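Beneath this line is the structure, given in structure tokens, with notes to follow.
The values are calculated or read from the model by the stated rules, or taken from the named source; none is laboratory data. From a predicted model like this one, the values you see are computed outputs, not experimental measurements. Note that each Cβ is placed from the backbone with ideal geometry, even for glycine, and that neighbours are counted across all protein chains shown.
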Amino acid sequence: MASIAFGELYAALQQGAVDGEDLSLPFFYNYKFYEVERFSSEVRLFFQTINLIVSEDCWNKKFTEADRQVFMKAVTEAQKLGMADQTDMDEEVFKMIEETGVKITRYSDIPKAEVEKMRNAVAPVWDKHAKVNMTVWNALQDSLRAYRNKK
């Protein structure tokens, strides 16, 4: 494994200096990586999130319990809508990429034992960062479960 500047990635793939990358579907398509890579895998090991942060002072001193409940209900609904939109966009981009001739291995086609091997390989990183904020960690895990179980 190697780190390489994004601006150099296309040429590095083209020249064989690297043989793979980890990009989102839109980046893969928009930057035309399908021209230099013929295979792609959807592994769902990581789900990119947008954090909604409220200061502790605001949460504890300005929000009432009713405010917090309304806030959390809205956040949960926004998460569901965002996941649905992302799923629809993913499917559109998968179709566009497949039309270029790239062979895509979908998450649902990867044997569960192989998925577990990948998860185990990155577990130490997750374990290290989970201890920083268990509330965020638990919310992320809920999001990951929903993402992995979509469709």
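Can you list residue pairs whose Cβ atoms sit under 7 Å apart, with the first residue in the stretch 69-91 being under 13 Å from Leu52 (Cβ atoms) and the second being surrounded by 13 or more Cβ atoms within 10 Å (Cβ to Cβ) and of a type in the set (Ser, Thr, Tyr)? Count only pairs 6 or more apart in sequence or on different chains.
Taking only residues 6 or more apart or on different chains, the pairs are Gln79/Ser143.
Can you tell me which residue among Glu37, Glu91, Glu65 is acidic (Asp, Glu) and surrounded by 15 or more Cβ atoms within 10 Å (Cβ to Cβ)?
On the way: Glu91 fails: surrounded by 15 or more Cβ atoms within 10 Å (Cβ to Cβ); Glu65 fails: surrounded by 15 or more Cβ atoms within 10 Å (Cβ to Cβ).
Within the list Glu37, Glu91, Glu65, the selection yields Glu37.
When you scan the stretch 68-86, how many residues do you find that are surrounded by 13 or more Cβ atoms within 10 Å (Cβ to Cβ) and either polar (S, T, N, Q) or within 28 Å of Thr105 (Cβ to Cβ) (or both)?
Total satisfying the criteria: 4.
So which of Glu37, Glu21, Glu56, Glu42 is touching a Phe, Trp or Tyr at 6+ places or on another chain (Cβ under 6 Å) and either of a type in the set (Val, Ile, Thr) or at pLDDT 85 or above (or both)? Before the answer, list the steps.
On the way: Glu37 fails: touching a Phe, Trp or Tyr at 6+ places or on another chain (Cβ under 6 Å); Glu21 fails: touching a Phe, Trp or Tyr at 6+ places or on another chain (Cβ under 6 Å); Glu56 fails: touching a Phe, Trp or Tyr at 6+ places or on another chain (Cβ under 6 Å).
The match here is Glu42.
Sort through Val54, Val36, Val43 and tell me the only one that's β-branched (Val, Ile, Thr) and more than 30 Å from Ala123 (Cα to Cα).
On the way: Val54 fails: more than 30 Å from Ala123 (Cα to Cα); Val43 fails: more than 30 Å from Ala123 (Cα to Cα).
The conditions single out Val36.
Answer yes if at least one residue in the stretch 97-106 is touching a Lys or Arg at 6+ places or on another chain (Cβ under 8 Å) and either at pLDDT below 85 or of a type outside the set (Lys, Arg) (or both), and no otherwise.
As a first pass, look at the stretch 97-106 and keep what is touching a Lys or Arg at 6+ places or on another chain (Cβ under 8 Å): 101-103.
Next, only the ones that are either at pLDDT below 85 or of a type outside the set (Lys, Arg) (or both) stay: 101-102.
Yes, the stretch 97-106 contains at least one residue that is touching a Lys or Arg at 6+ places or on another chain (Cβ under 8 Å) and either at pLDDT below 85 or of a type outside the set (Lys, Arg) (or both).
Every residue in the stretch 9-23 that is closer than 17 Å to Arg44 by Cβ, touching an Asp or Glu at 6+ places or on another chain (Cβ under 9 Å) and surrounded by 12 or more Cβ atoms within 10 Å (Cβ to Cβ), please. Please lay out each step first, then the result.
Initially, the stretch 9-23 is screened for residues closer than 17 Å to Arg44 by Cβ, giving 20-23.
When the remaining residues are screened for being touching an Asp or Glu at 6+ places or on another chain (Cβ under 9 Å), the result is 20-21.
The one that is closer than 17 Å to Arg44 by Cβ, touching an Asp or Glu at 6+ places or on another chain (Cβ under 9 Å) and surrounded by 12 or more Cβ atoms within 10 Å (Cβ to Cβ): Glu21.
Would you please name the residue that is nearest to the chain's Cα centre (by Cα), looking only at residues in the stretch 120-147 that are in contact (Cβ under 8 Å) with a residue 24 or more places away in the chain and surrounded by fewer than 14 Cβ atoms within 10 Å (Cβ to Cβ)?
As a first pass, look at the stretch 120-147 and keep what is in contact (Cβ under 8 Å) with a residue 24 or more places away in the chain: 122, 136, 140, 143-144, 146-147.
Narrowing the set further to residues that are surrounded by fewer than 14 Cβ atoms within 10 Å (Cβ to Cβ) leaves 122, 146.
Working: Val122: 14, Ala146: 12 Å.
Among those that are in contact (Cβ under 8 Å) with a residue 24 or more places away in the chain and surrounded by fewer than 14 Cβ atoms within 10 Å (Cβ to Cβ), it is Ala146.
Which members of the stretch 85-108 meet the condition of being over 14 Å from the mean Cα position of the chain (by Cα) and of a type in the set (Phe, Trp, Tyr)?
Matches in the stretch 85-108: Phe94 only.
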